[in-house]
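No lab work stands behind these numbers, since they all come straight from the coordinates. Computed from a predicted model, the values in this text were never measured in an experiment. Cβ atoms come from the backbone with ideal geometry, glycine included; neighbour counts cover every protein chain shown.
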Amino acid sequence: MNPMPDPSSSNPVLIAAQGLSKSYRRGRESVMALHGVSFEILRGEFVAITGPSGSGKTTLLNLLGAMDSPSSGSLLIDGEDVGSLTEAGRTLLRRHHVGFVFQHFGLVPTLTVAENIGLPSLFARRPDPARVSELVRVVGLEHRQGHYPSELSGGEMQRTAIARALMNRPSLLLADEPTGNLDSVTGESILEVFRQLNLGGLTLVVVTHNESLAAAAGRRIELKDGQLRVDSASAGSRG
Amino acid sequence: MNPSWLHLVLKEFRRRPVRSAVTLLGIAVAVAALASLLAFERGYRRGLASELERLGAHVLVVPKGCPFDAASIALHGANWPCYLRESYLKEVRSVPDVAMAAPALMQATPQADGSSMVVVGVTPEMLGLKTGWKLDGRFPQEGREILVGSGVSRRQAWRLGDQVEVPGLSGRWSVAGILDPTGGADDGFVFLPLEEAQRVLGREGVLTHILVKLRDPEALDGAVGRLRGCNAGMDMNIVPLTHLFRTIQGMIRSTRTWLVAVGLMALVAAITGVCNAVLMALSERTREVGVLRAMGASPGDVFRLFWLETLLNCVVGTALGLFAAASVSRVVESWLRSQLPFTPTDPLVRMGPDIIGLCMVGALCLGSLAGVLPAWRASRLSPQEAIRTPAGR
């Protein structure tokens, strides 16, 4: 399986986080969701972010996906400083460099499989029917491309979501509990898709509670109470 | 396979078909009502103007009674409940403002198909009034000759020179002339010399009405006053047609103003309904908006999506409404004819490109405005918060 991104940059570091913090206001309180987290992710790595609920995994994923900007510290994605980007700049970064996969799939119910996959190209103003056909084939949904999400199994919906995330040839694929809504057999098949994409050179960051998915990743970043507790790369297992 | 903006918006109709249908229905009904009202106002105004022009008279002299009924009978043909003495004609002609006075005796004979054969006894002066008439043949000059309207000629298959039996008249009659189509009630009339009409109808010495052309139409008020002041003035009803038509038009216009206001309010209410429906859709699709933002949709893209959705609802609803208005215009027309005291023979409901354009532009403008609120709210959603929203909220 060819992951299709073309990491043209010569810099091997795709993500560099230094003293990354994120706080939110909840009423009058300020909640520190992420506190002084530092790490680097190289191009082509498969990283699992784990930790208990409320440990800051999703907050970190949102920052890595430029959905939000850090409260302090620095975060470089593909050379872009997320903290200094405007809303429009973060939109462009997401559009061209990041693909998202969600636990709830996030498919548009009124669009077919092929239309869902092609949707990001509408926002990128780059229609590419050939790319849609290619991705349909990559995720093995040729026979389902005219079907609507309500007609698909959970595994097929997640495959569609993965293909959609790859539409604009991102350099980074972020997945938030991608097997959380799937049975173990289907979860395994999704894991295999991720594995193949990573073998093709795509950088993957997956937030998961699924041990087999975390184990399949080459590296594990574990958070607790908003702080980095374990980074297996620091323990010498980066690979 | 790569969806376009329009494709994306059109497919939204699939999500909640019943809600979409009800929303569209609201707009369609409001637009249909508004378009019908505008088309009726224009049709009625033009119809009255044509009627007046075809009549060629400024004043109608009729027996005492309701002037609206009298005008309607004289213009469209029916039986009269009472008559004028023929001697009044001389008095009318003696008024100095009168350039021409054409007497008429009208009678309608019911036919088997429910219609009426209207016969009108006239004098050649009628030709001086009806300057728009074009005849094939000639005006009746001898006793048993008739001039037939184009509609009668077509329905009865009467040709020039035919010897025919006219319902309501005894004996056989020779078709001396056939009128070219006038577009008015004259197409359905049979004309014969006045004296002959009085004789065969047993109405010697009486008339049903007198059509009067003035020397100076601008001096209508003075002429009407002098006609009312003549000896027979107390026994006649002097109906100034321009004023009568203006009064009718004024009545229709004041009703129309109220109805158009109601129609506009209905349209505004319907479009507010669209705005509300899209706001509801937004609250159900908040998470989806977050997903779209995650895949690279800008706030402007989200605004465009929801604004187009509102606009498309308005455009489709308006198109359906206009189609409905055009489809039921005949029904509306016949209902109006049954309700109004006086209606011109020309079409009452005249839908035209300008009315269609006006309704479209109006709906587009209102829809554009109504779309701003849901679109703006959608575009302001924070992507990471929107994604955390439970599905269906």
Based only on the alpha carbon positions, what is the Kirkwood hydrodynamic radius of chain A, in angstrom?
18.1 Å
Crossing angle, helix A:184-199 versus chain A [Cα axis fit, 0-90 degrees, rounded to tens]
80 degrees
Return P(r) of segment B:300-383 (all Cα-Cα pairs; 5 Å bins starting at 0; whole %; ordered from short to long distances).
3, 14, 17, 14, 12, 11, 9, 7, 5, 4, 2, 1, 0
Would you please report the Å³ per residue occupied by the convex hull of the alpha carbon atoms in segment B:181-322?
246 Å³
Full-extension gain between B:S334 and B:D113, please, as 0.36 nm times their residue separation minus the C-alpha to C-alpha distance.
77.8 nm
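Could you work out the mean count of beta carbons from other protein chains within 10 Å of each residue's beta carbon in A:105-115? Intermediate values should be presented prior to the final figure.
Working: counts 1, 9, 2, 9, 5, 12, 5, 3, 1, 3, 6.
Other-chain Cβ atoms within 10 Å of each residue's Cβ, averaged: 5.
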In Hz, Karplus ³J(HN,Hα) per residue of segment A:60-77 (6.51, -1.76, 1.60; θ = phi - 60°; x = Gly, Pro)
5, 4, 4, 5, 5, x, 6, 7, 8, 10, x, 6, 7, x, 10, 9, 9, 10
³J(HN,Hα) across segment B:101-115 via Karplus (A = 6.51, B = -1.76, C = 1.60, θ = phi - 60°), whole Hz, x for Gly/Pro?
10, 10, x, 8, 10, 10, 8, 10, 10, x, 10, 4, 7, x, 7
Ignoring solvent entirely, what values of log10 I(q)/I(0) come out of the Debye formula for segment B:100-212 at 0.11, 0.20, 0.23, 0.24 Å⁻¹ when each Cα is a single scatterer?
-0.30, -1.09, -1.48, -1.61
Just need the relative contact order of chain B here, percent rounded to a whole number, with Cα pairs under 8 Å and 6+ apart.
29 percent
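How much of the pair distance distribution for segment B:250-393 lies past 25 Å, counting alpha-carbon pairs only, in percent? Can you show the working numbers first?
Working: 4618 of 10296 pairs.
Of all Cα-Cα pairs in segment B:250-393, 45 percent lie more than 25 Å apart.
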Pairs of Cα atoms farther than 22 Å apart, segment A:82-211, %:
33 percent
Can you tell which of A:P109, A:P149, A:P70 shows the greatest fluctuation in a Gaussian network model of chain A with Cα springs below 10 Å?
A:P109
Could you work out how much longer the chain between B:E165 and B:A269 gets when fully extended? Use 0.36 nm per residue separation minus the Cα distance between them, nm to one decimal.
31.5 nm
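Quick check on packing: order A:165-171, B:365-371, B:352-358 by the mean number of other C-beta atoms within 10 Å, highest mean leading.
Values: A:165-171: 23.9, B:365-371: 19.3, B:352-358: 13.0.
Order by mean packing, descending: A:165-171, B:365-371, B:352-358.
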Among B:G300, A:S30, B:F245, the residue whose Cα sits farthest towards the positive end of the charge dipole of the protein assembly as shown (+1 at Cβ of Lys and Arg, -1 at Cβ of Asp and Glu, taken about the Cα centre) is A:S30
With θ set to phi - 60°, apply the Karplus curve 6.51 cos²θ - 1.76 cosθ + 1.60 along segment A:40-48 and write out the HN-Hα couplings as whole Hz, x wherever there is a Gly or Pro.
10, 10, 7, 4, x, 7, 10, 10, 9
Please order B:R287, B:R228 by the number of other Cβ within 10 Å, starting at the fewest.
B:R228, B:R287
Of B:153-165, B:297-309, B:322-334, ordering from highest average Cβ density within 10 Å down gives B:297-309, B:322-334, B:153-165
Can you give the alpha-carbon Rg of the protein assembly as shown over 2.2 N^0.38 Å, where N counts its residues?
1.61
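Would you please classify the overall shape of segment B:148-218 from the alpha carbon gyration tensor, given that a ≥ b ≥ c denote the square roots of the eigenvalues, rounded means a/c under 1.5, and beyond that prolate means a/b larger than b/c while oblate covers the rest?
Details: a/c = 2.57, a/b = 1.25, b/c = 2.06.
Taking the square roots of the gyration eigenvalues as a ≥ b ≥ c, segment B:148-218 is oblate.
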As I understand it, the value is the acute angle between the Cα axis of helix B:329-339 and the longest principal axis of the Cα atoms of chain B; what does it come to in degrees, rounded to 10?
50 degrees
Relative packing of A:111-119, A:196-204, B:216-224, which averages over residues the other C-beta atoms within 10 Å, highest first
A:111-119, A:196-204, B:216-224
For segment A:108-149, convex hull of alpha carbons as volume per residue, Å³:
60 Å³
Whole number please: convex hull volume per residue, Cα atoms of segment B:49-95, in Å³.
91 Å³
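Count, for each residue of A:89-99, the Cβ atoms from other chains sitting within 10 Å of its Cβ, then give me the mean as a whole number.
On the way: counts 0, 3, 9, 2, 1, 7, 7, 1, 1, 3, 3.
Going residue by residue through A:89-99 and averaging, the value is 3.
Nearest 500 deg cm²/dmol is fine: what mean residue ellipticity at 222 nm does chain A get from its DSSP H runs of n ≥ 4 alone, each adding -39,500 (n - 2.57), divided by its residue count? Please list the in-between numbers first.
On the way: 7 runs with 75 residues, N = 239.
Calculated from helices alone, the mean residue ellipticity at 222 nm is -9500 deg cm²/dmol.
What average number of partner chain Cβ atoms lie no more than 10 Å from the Cβ of the residues making up B:11-24?
Details: counts 7, 2, 1, 4, 3, 1, 0, 0, 0, 0, 0, 0, 0, 0.
Mean partner shielding for this stretch: 1.
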Give me the distance between the Cα centres of segment B:202-261 and segment B:5-78, rounded to whole Å.
26 Å
So for the protein assembly as shown, if I pair up every lysine 8 or more residues apart or on another chain, how many of those pairs have alpha-carbons under 28 Å apart?
10
By the gyration tensor of its Cα atoms, with a ≥ b ≥ c the square roots of the eigenvalues, what is the shape of chain B: rounded for a/c under 1.5, prolate for a/b over b/c, or oblate?
prolate
If you rank B:W133, B:W376, B:W258 by fewest surrounding Cβ atoms within 10 Å, what's the result?
B:W258, B:W376, B:W133
Taking H as built 1.01 Å from N, whose amide H comes closer than 5 Å to the amide H of A:F46, not counting residues under 5 places away?
A:L204, A:G218, A:R219
Kindly state, to the nearest 0.05, the FRET efficiency for B:E204 paired with B:R46, given R0 = 45 Å and r defined as their beta-carbon distance.
0.65
Given H placed on each backbone N at 1.01 Å, which residues far from B:A99 in sequence or on other chains put an amide H within less than 5 Å of it?
B:K213, B:L214, B:R215
On a 0 to 90 degree scale, rounded to 10, what angle separates helix A:87-97 from the longest Cα axis of chain A?
60 degrees
